[in-house]
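One structure below.
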Amino acid sequence: MKRRQFVGGLAAAAGVTACSSDSVECEKGLGQPAESFEWSCVTSWPPKFPGLGIAVDNFAERVEAASSGRLKIKVYGGGELVPAFECFDAVSRGTVEMGNDASYYHKGKIAAAQFFTAVPFGMNHLELSGWLHYGGGLELWRELYAPFNIVPFPCGNTGVQMGGWFNREINSVGDLKGLKMRIPGLGGEVIKRAGGTPIAMPGSEVFTSLKTGTIDAAEWVGAYNDIAFGMHEAAKYYYYPGWQEPGAGLELMINATAWASLPPDLQAIVEISCQSITTDMMAEYTHGNAIALQQLMDDPDVEVRPYPDEVLRLLKSHTKDIVDEISAVDPTWKKIADSYYAFLEKSTENQRTTEWANLKTRDL
Ligand code: CA
């Protein structure tokens with residue numbers, strides 16, 4: 001009896017209901033039956049897709065397990081409940097409580113959202129996490145989404161991507177002219193300025209568009225995800241590096257009203273689960289990319305090639321021009337860009353002296 005009281009007391013002190021409604025503790029009023037939630041999460045990803053789609057399923061499972069079933073989340077693939085690119089609106093309106101996609105898909109609505117996924121020649125996944133969690137980035141992100149009644153959470157990162165699949169060789173800047181390329185976000189604007197035509201389309205449409213020649217080139221993610229779509233069967237040249245997305249962060253969006261309705265312990269479970277997904281996704285991509293890239297390099301029908309420096313220099317200079325031009329007319333963009341680039345500048349010397357210097361020793 002003493003032990004039961006002790007356990008009940010601990011649970012009450014922790015704000016947790018440790019009893020079912022007919023237990024002794026509940027009869028004594030030591031705890032109330034906990035409220036349960038059943039939420040929906042829409043995504044931009046093909047269901048169960050390696051990395052992106054699996055991560056959000058894992059997130060839902062972790063939240064349900066950690067909350068003893070008090071927060072159940074049903075995950076919908078892109079297009080199952082709402083179109084793949086309409087997650088933001090669905091969460092904003094409260095049609096669903098949660099959405100999982102990449103913030104740069106909303107660039108038409110809020111240009112500055114792109115900084116929270118990736119900008120060309122920008123931060124890698126470590127730097128993005130550093131800026132978001134310790135450098136003020138997450139506060140800026142939440143401020144940006146507040147008018148839309150959405151609370152964003154960093155939830156996953158693909159790491160550095162690959163440059164993309166091409167059905168023509170890119171030997172000089174002239175080869176970008178007239179290039180029809182699937183490339184979202186700011187990277188698309190950069191390609192446009194270089195004379196190409198950027199096209200935004202959900203991942204599920206990329207393979208067919210490339211195979212049928214509707215587009216000449218496409219960037220998707222990296223070896224692990226690209227091989228899953230069969231991109232190597234739709235194009236021959238696989239260019240690197242992924243200048244357009246040096247470390248693409250994914251987002252979990254929660255309707256602000258729904259978020260406020262969650263008790264603090266469930267809020268903590270959601271937040272911790274997002275962080276665990278970011279770590280887990282990096283592990284999955286690091287492992288999956290290593291194996292898939294080797295497979296592609298061994299494929300006689302695939303040529304893995306570096307972009308010429310001349311092309312990268314041009315794309316980098318266009319990126320800087322575009323960022324500066326938007327800063328001149330959009331104060332919200334400027335505020336976020338200033339914070340982003342101030343940290344990137346500080347971080348570059350550290351990365352050069354640590355990560356890059358260490359990687360170079362592998363070739364000694
Ligand atoms: Ca990409």
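The values are calculated or read from the model by the stated rules, or taken from the named source; none is laboratory data. Since the structure is predicted, the reported quantities are computational estimates derived from the model, not experimental observations. Reconstructed Cβ throughout: ideal geometry from the backbone, glycine too, with neighbour counts over all protein chains shown. The accessibility values were calculated without ligands, DNA or RNA, using every heavy atom of the protein model including side chains. Shrake-Rupley method; radii C 1.70, N 1.55, O 1.52, S 1.80 Å.
Data table
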| read-out | value |
| --- | --- |
| F59, F229, reordered so the largest accessible area comes first (probe 1.4 Å) | F229, F59 |
| Average accessible surface area per residue within the range 303-364, 1.4 Å rolling probe, Å² | 68 |
| Separation in nanometres of the label points that stand 7 Å from Cα toward Cβ, at D324 and K48 | 5.0 |
| The chain - share of DSSP beta bridges that are antiparallel (%, nearest 5) | 45 |
| The chain - Debye-derived log10 I(q)/I(0), Cα point model, q = 0.08, 0.12 Å⁻¹ | -0.44, -0.90 |
| In sequence order, calculated HN-Hα J values of the range 71-87 (Karplus, 6.51, -1.76, 1.60; Hz; x Gly/Pro) | 10, 9, 10, 9, 9, 10, x, x, x, 6, 10, 9, x, 3, 9, 10, 4 |
| Global geometry of the range 240-328, whether rounded, prolate or oblate, following the gyration tensor of its Cα atoms and the 1.5 cut on a/c | oblate |
| Accessible area (Å², 1.4 Å probe, nearest 10) - E80 | 110 |
| Amide H contacts under 5 Å for W39, placed H, 5+ residues apart | K72, I73, K74 |
| Accessible area of H125 in the full protein assembly, 1.4 Å probe (Å², nearest 10) | 50 |
| Portion, in percent, of the accessible area of the range 48-95 that falls on carbon or sulfur, probe 1.4 Å | 49 |
| Whole-number percent relative contact order across the chain, with pairs defined as alpha carbons under 8 Å at least 6 apart | 20 |
| Partners for K346 among lysines (Cα-Cα distance below 27 Å; same-chain residues under 8 apart left out) | K107, K316, K320, K334, K335, K360 |
| Inter-probe distance in nm under a simple model that places probes 7 Å from Cα toward Cβ, at K334 and A200 | 2.4 |
| Distance (nanometres) between label positions extended 7 Å along Cα→Cβ at D309 and E345 | 2.5 |
| Whole-angstrom gap from the range 281-340 to the range 193-209, using each part's C-alpha centre | 15 |
| R0 of 22 Å, Cβ-Cβ distance K74-T286: FRET efficiency to nearest 0.05 | 0.15 |
